[in-house]
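One structure is given here, and the rest of the page talks about it.
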Amino acid sequence: MMPGPILFLDSGVGGLSVLRAVAARLPDAPLVYCADSAGYPYGTKGEAEVSARVAGLLGRLAERIQPSLIVIACNTASTIALGYVRPVLSVGVVGTVPAIKPAAEQSLTRVIGVLGTEATVRQPYVADLSARFAADCRVLKHGSAPLVAAAEAKLRGEAVDPAVYAEALQGLLAQPGGQQMDIVVLACTHFPLLAEELAAAAPRPLTFVDGASGIARRCAHLLDGVQWPGPKPEGRAIFTGGTEGLAPLTPALHGFGLTRVEGL
Ligand code: DGL
């Protein structure tokens, strides 16, 4: 049987930061990207709603697309729902969780920031990662919904008020210990799409880390030995809210190799 594509899921465009790293690592693998635009944003929703959406959607998509591997390219969905969806799907699932471990390995000051969605930063999963991998660090957390919206706007070619970036960073820097913080974990997949803007808005140099390269390594490991049939099919982007109003996003999607855009 022909191996199926790698399926990525996020609420919006954020997961493209993960897809980019996986595509660079596995250039021959066919890719399908699903944006749950009908459920966007996840970060301001409750746990029950996010897990129900993600479990239902992944079940439908897995049946329809028959992927070789699923990547939940969203920290909010992964930290809330990974434990529920893994046992019920018959295909491997890779999650995206805050890169607290690499941040703790690199921090010189032992103060690290976690910038995610409001839902992600309150998850026990994040507290657990901090306890396991950053026990000797002070871990500051801040959730920013405007930063998620800024990434969506940027990819649509819309202007973004630069104050959004400075405010998100201040959410960490203004906390006790914030002045010592040297590393910021970009714990929402939308945020690496704003890496340049965040670096420019930082009042002093900060190192930003995210999980995309680790996820790409994990995918390559899990799919080791798979022979991808050539020629590679067009990259597909599926929007659960339909295709209306997507024209401004098309150039960005093409830039990520997603040339076939469809609704669900
Ligand atoms: N990209 C998502 C994440 O990694 C969620 C953004 C949202 O829908 O709020 O958390």
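A short reminder: the numbers here are calculations on the coordinates, not readings from a lab. Here the structure is a predicted model, which is why all the values come from computation and not from measurement. Glycine also receives a Cβ, built like all others from the backbone with ideal geometry; neighbour counts cover every protein chain displayed.
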Anchor residue 101: lysines whose Cα lies under 19 Å away (excluding residues fewer than 8 positions away in-chain): 141
How large is ³J(HN,Hα) for each residue in the stretch 135-150, as worked out from phi by the Karplus curve 6.51 cos²θ - 1.76 cosθ + 1.60 (θ = phi - 60°), to whole Hz, x for Gly and Pro? 4, 9, 10, 8, 10, 8, 10, 8, x, 9, 6, x, 5, 5, 5, 5
Calculate, in nm to one decimal, what residue 90 and residue 170 gain on full extension: separation in residues at 0.36 nm each, minus their alpha carbon distance. 24.5 nm
Whole-number value, in Å³ per residue, for the convex hull of the alpha carbons of the chain is 119
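Taking a temperature of 10 °C and a viscosity of 1.306 mPa s, what whole-number D in µm²/s does Stokes-Einstein yield for the stretch 51-138 with Rh from Kirkwood over alpha carbon pairs? Mind showing how you got there, number by number?
On the way: Rh = 14.2 Å.
Estimated via Stokes-Einstein, D reaches 112 µm²/s.
Highest mean first, how do 121-131, 10-20, 94-104 rank when packing is the count of other Cβ atoms within 10 Å averaged over residues? Write down the numbers at each step before the final one.
Working: 121-131: 17.4, 10-20: 26.6, 94-104: 23.9.
Descending mean neighbour count gives 10-20, 94-104, 121-131.
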Report the paramagnetic label zone for residue 222: residues of the stretch 29-62 whose backbone N is under 12 Å from a point 7 Å from Cα along the Cα-to-Cβ axis. none
What percent does the relative contact order of the chain come to when contacts are Cα pairs within less than 8 Å and at least six residues apart? 26
Sum of side-chain charges, residue 128 neighbourhood, beta-carbon under 14 Å (Lys, Arg +1; Asp, Glu -1): +4
Of 117, 79, 109, the one that fluctuates the most in a GNM where the chain has Cα springs shorter than 10 Å: 109
Taking square-rooted eigenvalues a ≥ b ≥ c of the alpha carbon gyration tensor, is the stretch 208-264 rounded, prolate or oblate, where a/c under 1.5 means rounded and, failing that, a/b exceeding b/c means prolate? oblate
Step by step: find N for the stretch 1-157, compute 2.2 N^0.38 Å, then divide the Cα radius of gyration by it. What's the final number? 1.06
Which Rg and Dmax, in Å, describe the Cα atoms of the stretch 151-264? 18.2, 54
Find the centroid of the Cα atoms in the stretch 129-182 and in the stretch 232-259, then give the distance between the two in whole Å. 28
If one builds a Gaussian network model of the chain from Cα atoms under 10 Å apart, the most fluctuating residue listed among 151, 73, 202 is 202
Taking springs between alpha-carbon atoms closer than 10 angstrom, which of 45, 154, 232 fluctuates most in the Gaussian network model of the chain? 232
